[in-house]
1. I'd like the full set of residues that are assigned to a strand (DSSP E or B), open to solvent by 10 Å² or more (accessible area, probe 1.4 Å) and not aromatic (F, W, Y), limited to the range 117-148.
2. Of everything in the range 214-234, what is of a type in the set (D, E) and either within 16 Å of ligand 1 (Cβ to nearest atom) or assigned to a loop (DSSP other than H, G, I, E, B) (or both)? Give them in sequence order.
3. Could you tell me whether S163 is away from ligand 1 (no atom under 15 Å from the Cβ) and free of Cβ contacts under 8 Å to residues at least 60 places away in the same chain?
4. Check A165 against each of (1) away from ligand 2 (no atom under 16 Å from the Cβ); (2) surrounded by fewer than 18 Cβ atoms within 10 Å (Cβ to Cβ) and name the one condition it does not meet.
5. Does any residue in the range 94-110 that is within 20 Å of A165 (Cα to Cα) and touching a residue at least 40 places away in the same chain (Cβ under 8 Å) come within less than 7 Å, Cβ to Cβ, of a residue that is among the small types (G, A, S) and open to solvent by 40 Å² or more (accessible area, probe 1.4 Å) six or more places away or on a different chain, and which pairs are these?
6. Give me the pairs: first residue in the range 48-69 and buried (at least 21 other Cβ atoms within 10 Å of the Cβ), second residue charged (D, E, K, R) and outside any strand (DSSP E or B), beta-carbon distance under 6 Å, and six or more apart or on different chains, which are they?
7. Taking L35, is it surrounded by 23 or more Cβ atoms within 10 Å (Cβ to Cβ), modelled with pLDDT of 95 or more and either within 16 Å of ligand 2 (Cβ to nearest atom) or of a type in the set (A, V, I, L, M, F, W, C) (or both)?
8. Give me a count of the residues in the range 149-160 that are of a type outside the set (G, A, S), open to solvent by 10 Å² or more (accessible area, probe 1.4 Å) and within 16 Å of ligand 1 (Cβ to nearest atom).
Amino acid sequence: MKILIKGGRVVDPANNLDKVCDVLIENGKISKVALNIKTDAKEIIDASSKIVVPGLVDMHVHLREPGREDKETVKSGTLAALAGGVTSLLAMPNTQPPIDSKEHLDVLGDIINKTARANVFIAASITKGRLGEELVDIASLKKQGIVAITDDGDSVDSDILMSSAFSKAGESNVLVICHCEDKLLSMNGAVNLGFTSTRMGLRGISKESEYKRIERDITLAKDAGACLHIAHVSCKESIELIADAKKKGIAITAETAPHYFALDEAAVIDYDTNMKMNPPLRTTQDRESIKQALKDGIIDVIASDHAPHTENEKDIEFERAEFGVTGLETELSASITELVNTNLLNWPELVKKMSFNPAQILGIDKGTLTPGRAADIIVVSGDRERIVKKEEFVSKSKNSPFLNRKLKGVVEYTICGGKIAYKYKKE
Ligand code: DOR
Ligand code: ZN
């Protein structure tokens, strides 16, 4: 089976490529990237005035299976991924049960083999049951194929335990992804601490709760010689600490999610629970700092932190509603709208943040259009607009902070493993 993607602007930062040309796919692999490819391919995608880039690699996705199949499943989540241009993702381990043992990893691996529609990589938890008390067997889980560990949703409070986690992860060459939050400082908060929390009459989540924990994790990771990745950075102070660590040559990378640069705490003032996530939306100044950090390369990755929840868990009083928003199907358009359209990032820079860098950080063979690699490719209309509609989501959950917003950028085709796995329906 051959597919020719013809005449698109092909952007592949791994190969320093940004030019109008063709891409030929043969037997599931990229076979050629060149001008005017002659082929007998039956399937031809006209990509003129469109952008052709490696499929996105989203390193922060909650697929919820096993345990909360009412929110999302491996199948529904990977179909949502394809609709958003994501061909590879890292599944977070805060499932029920958490992915903390060979047995639980086997169960998830089996579900993925049977039902996943995109490439799914697995993160195991750092501690058994995500209880922050006892480490998982990092070395043996690594042998079984995990690419990272994280207690995402929580941070490991014990310095001693976390230090030992970094040492063991360092020895096994496993990435440690940290959800940085000191719950003694953030406990019972619902929104950013400050004007918004006071005005809304809600308890606030301080920035200290985030950056103090980042500071600790940087120190522990450095001493242990481990690779540290900071999840969902939301504020200026965190960025300053990460920039400083990078300057010192510490092995640290960082990620943010589109809601932290597209929105700020003003969006939450009407008690819209689709604006409730952890960490919370911060100030306008924090939002600007996040954008600048993306530009400056202090933040390496844009990931969705896709966190699906049911209507029963969201359509209730603000304080009782779950933390988290969906993101797989909007992350690319939100990033194009906020970053490329405003000339903050160019296309190669965006592709680095959403595909090449996360693949490098996870050490997976993705994020490029190099001939010989699996054909995971998306064709994007950069200028086409869409209004985000609840009915159009593929995900089982609809808790998006971008509902009813107009966004620029449409994923026209998603090709995964050499097959057309998604095509935008509206003509
Ligand atoms: O808002 C969030 N939702 N933040 C997290 O860290 C976890 C996530 C979830 O699992 O719902
Ligand atoms: Zn988290």
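The values are calculated or read from the model by the stated rules, or taken from the named source; none is laboratory data. Only a predicted model underlies this, so the values are computations on that prediction, with no experimental measurement involved. Cβ: placed from backbone, ideal geometry, glycine included. Neighbour counts: every protein chain shown. Accessible surface is based on the protein model in full, side chains and every heavy atom, while ligands, DNA and RNA are left aside. Shrake-Rupley method; radii C 1.70, N 1.55, O 1.52, S 1.80 Å.
1. Hits for the range 117-148 are N119, V120, I122, L135.
2. Once the filter is applied, which keeps residues that are of a type in the set (D, E) and either within 16 Å of ligand 1 (Cβ to nearest atom) or assigned to a loop (DSSP other than H, G, I, E, B) (or both), the range 214-234 yields only D217.
3. No.
4. The single condition A165 does not satisfy is (2).
5. What qualifies is K102/S140.
6. What qualifies is G55/D376; V57/K366; H60/D305; L63/E72; R64/K71; R64/E72.
7. no
8. Quick first cut of the range 149-160, residues of a type outside the set (G, A, S) only: 149-152, 154, 156-157, 159-160.
Next cut, open to solvent by 10 Å² or more (accessible area, probe 1.4 Å) only: 154, 157, 159-160.
Filter once more, keeping what is within 16 Å of ligand 1 (Cβ to nearest atom): 154, 157.
Adding up the residues that qualify gives 2.
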